[in-house]
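Here's the structure we're looking at; comments come further down.
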Amino acid sequence: MSAPTHHVVAIDGPAASGKSSVSRELAARLGFLHVNSGAMYRALTWSVLRAGVSPDDPGAVVAHLGVIDIACGEEGGRATLSVDGVDPGDGLTSPEVNAGVSAVSGIPRVREVLVARQREYRLVADIVMEGRDIGSVVFPDTPYKFYIDASAEVRAARRQREGISDDLARRDAADSTREASPLVVAEDAIVIDTSEMDLTRVVEEVLAGLAGRGMEVDS
Ligand code: DC
């Protein structure tokens with residue numbers, strides 16, 4: 001296989017750490033494609049729930065994965081996602097999906113299939129990809145890895161402001177302790193605690209980190 005030619009910026013971190021806002025803004029600044037890997041696990045969970053399958057039944061979830069078509073694409077510089085031709089839209093962040101997604105994403109076969117999809121993006125574009133295991137598992141060879149963190153209080157306050165029901169403590173515990181690719185800080189990741197920072201400042205820190213690791217970035 002030929003060497004990958006596109007840049008990958010990996011942005012990992014716990015739920016509500018601010019990584020989506022940072023990744024979106026960063027991708028816009030760099031002219032890279034923003035890919036939210038969590039949305040893929042959410043799309044599968046959304047579909048599982050619609051089919052009346054329990055997220056806590058790994059065999060049934062894997063069987064369901066085998067009969068649906070999750071299409072991950074790119075259109076006009078934006079990553080797109082649909083399940084059997086339907087864009088789940090706001091369904092991705094429903095309370096039911098928030099409650100079921102950790103169980104679904106903890107299933108090893110689910111990770112195998114979705115990680116393969118995530119890796120395909122690098123074949124077509126420079127990307128900023130956010131998730132839990134992007135720097136540790138999906139693209140361990142990229143030098144551009146960040147771990148975006150914030151205190152539990154700040155993260156809970158962010159979710160409350162968004163008016164979204166999300167048991168962060170439970171989801172973080174499940175995401176961090178599962179056997180398959182748990183949330184970890186990659187050894188060579190730059191850690192940024194955003195508790196006391198606004199978005200502009202975080203993006204500046206990431207851009208400085210990228211420059212420090214050799215990427216040409218316009219300031
Ligand atoms: O980033 P998020 O909160 O939208 O992610 C939803 C869930 O998906 C999260 O609870 C854990 C899982 N996830 C994962 O296991 N690996 C990723 N790379 C991204 C998300």
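For this structure, a couple of remarks:
- Three-way shape call for the stretch 97-199 based on the alpha-carbon gyration tensor, with the a/c threshold at 1.5: oblate
- Inter-probe distance in nm under a simple model that places probes 7 Å from Cα toward Cβ, at residue 67 and residue 199: 4.1 nm
- Only the Cβ atoms of Lys and Arg (+1) and of Asp and Glu (-1) were treated as charged; on that basis the dipole of the stretch 20-85 about its Cα centre amounts to roughly 260 debye.
- Where labels lie 7 Å past Cα in the beta-carbon direction, separation of residue 87 and residue 162 in nm: 1.9 nm
- Qualifying GluC sites (Glu not before Pro) in the stretch 144-219, DSSP loop, other Cβ atoms within 10 Å at most 10: 179, 187, 196, 216
- Ellipticity estimate at 222 nm from DSSP helix runs (n ≥ 4, -39,500 (n - 2.57)) divided over the chain, nearest 500: -14000 deg cm²/dmol
- Neighbour-count ranking [beta-carbon atoms within 10 angstrom, fewest first] of 32, 139: 32, 139
- Descending semi-axes in whole angstrom, ellipsoid equivalent of the stretch 31-130, from the Cα gyration tensor: 23, 14, 12
- Residue exposure proxy: 67, 185, 115, ordered by other Cβ atoms within 10 angstrom of their Cβ from fewest to most, comes out as 67, 185, 115.
- Whole-angstrom Cα spans of the chain along principal axes, big to small: 49, 45, 32
- Neighbour-count order for 37, 82, 20, 136, fewest beta carbons within 10 angstrom listed first: 82, 20, 136, 37
Bear in mind that the values in this text are calculations on the coordinates, not laboratory data. All values derive from a computational prediction rather than experimental measurement. Reconstructed Cβ throughout: ideal geometry from the backbone, glycine too, with neighbour counts over all protein chains shown.
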